[in-house]
Structure formats: structure tokens, C-alpha cells
Amino acid sequence: MLNGNVHYHGIIRKSIVAFGKLFSNIYIDRKEGDSVTGTTAQRLKVPLAYAPKEKWLVRLEQDPNLDQHTYTSLPRMSFEIIGYSYDPMRKTNRMSQIECGDGTLNKKTMFSPVPYNLDISLYVITKTQEDGLQIIEQILPTFTPEYTLTVNAIPEMNIKLDTPIILNSVAVTDEYDGDFNMRRFVTHTLTFTMKVNMFGPVSNQGIIDQVTAKIGENEDLSNPNRTYVATGDTTTATVASENWESEF
């Protein structure tokens, strides 16, 4: 590793899981008569998976099992990460430290996080425009255009982050052109920006339990660079002071 410390907090994975959780309970209703005021005959839960939309389109078009029933698997939703970018607007002092105690004299420390943006695409694939509109109208009111959720980023440091998710755009494509031999796919593509923070390794800070001072008869008291050395289990510090006599 660049800094010699192997670490993995799983922040990106936790953020993606939290993102998917937002859309895991979306349903559509099949109604009798009018599509808005009619009686609900069937309620379907929309499946959600982490995958590019091309995977589902190929699965639907090729029908590898040769049973011609894959068309009934719509509607379906999927999402994926499409990019990462550094966010200079949220930059903080890189040398600032975060400390966490465990009730004893020992402390855990880590440097301030580095802000990054995750670009995520959510795909809604349906076989009718009506199904797509039902799903979209359950998503859009939540984002104005931002929605904030809490991610338990680093439990050992008790760090929970409020993570904004911004809805950037919604695009729709209808690939049906009237050919009876062609299946219809209505695809809504929603692009989001998720603002996350990337943390470095956690360090353990020990206690200073012994101090060794260089005191002797032949010591030059006029030397401003006199030093004392403090040692402990995991910490060694050398401090120079011009007011050496007043510190002891």
C-alpha cells in the first residue's frame, strides 16, 4: 500500500447497499378498468439487482432456455456505479485527526476523510409505459432533488455519516417501433450522485508512562536546544523547549 498500512472499511460497499435499500420495496398494481381509479386485481413487487441494464436486455432477447417465458419477468430494476470523482468543494484540512476513546486511556485516531462523489445509474425496465410511470412516480417525490440517509461507515470509530444522494436527471427510451416481431422495452434511466467520504487507516495511540530527562551537573543551561525524551508502550516523543527549567 502507499502508506504501508493495509486497511478496508467497506465504505463504498456500504454506500451501495444503502442506495439499493431505498428502492427495494417498490410495487406496481394491475387494475381492472381504469388504470388510476380501477379495482386492484394484482400487486407485483419490482425486483432489484446490482447489474447493468444490458444484462437484462440480452437475457430477455435471447431466451437461452427456449421456453419463451422470459418476457413475463418485466418489470425489473437494476443499478450500477458508473464513475468516481473527487469533490474539492467538501475538502477539509487533511492533517486534522478524529479521535475515539474506549473508556480507558487508550485512543484510536485517524486522519480526516477525503470527499468523493459516486455516480450511480438506476435503470427501470418495463414492457408498458404505464408500469414505468407507476415506478417513477414512487421515486421522484422523495428527491427534491436531494435525499440524505445515514451510513454506519466505521463502527469501530463510532463514525456515522449523513450521506446526500442527488437526483441529476431522468431519461426515457421506448425501443418499440410497431414491429409485431419485436418485444417492447420502456427504459427509464435515473442518474444520481452520492457524496461519500473515504477514510484512511485507524491508528492506536498509546500512553506516555515514562519520562527520561537529561539532567546533569555538566549540562549547559544556556543551550536553547535542550531536550527531554518521553517514552511509553507505543509512543516516543522528543520535545525541544527554551523554558526547560519551568517545565520541571
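Readers should treat all values here as calculations from the given coordinates under stated rules, not as data from a laboratory. This is a predicted model, so every value here is computed, not measured. Cβ sites come from the backbone with ideal geometry, for glycine too, and all protein chains shown count toward neighbours.
Remarks
- Karplus-derived 3J(HN,Hα), 6.51/-1.76/1.60, for each residue of the stretch 86-99, Hz, glycine and proline x: 6, 10, x, 5, 9, 5, 10, 4, 5, 8, 5, 10, 10, 10
- Neighbour-count order for 89, 194, 157, fewest beta carbons within 10 angstrom listed first: 89, 157, 194
- Relative exposure of 13, 184, 76, judged by other C-beta atoms within 10 Å (fewest first): 13, 184, 76
- Between residue 154 and 159, the built amide H atoms are under 5 Å apart, and every one of these is 5 or more places off in sequence or on another chain.
- Sequence-distant residues sharing a close amide H with residue 30 (under 5 Å, placed H): 41, 42, 43, 44
- Protection proxy ranking, peptides 138-144, 94-100, average beta carbon neighbours within 10 Å, highest first: 138-144, 94-100
- Counting other Cβ atoms within 10 Å as a rough exposure proxy, the listed residues 114, 196, 211 run 211, 114, 196 from fewest neighbours to most.
- Pairs exceeding 20 Å between alpha-carbon atoms, taken from 14/91; 45/127; 14/160; 108/160; 31/127: 14/91.
- FRET efficiency for the residue 96 to residue 144 pair, using the beta carbon distance and R₀ = 35 Å, is estimated at 0.65.
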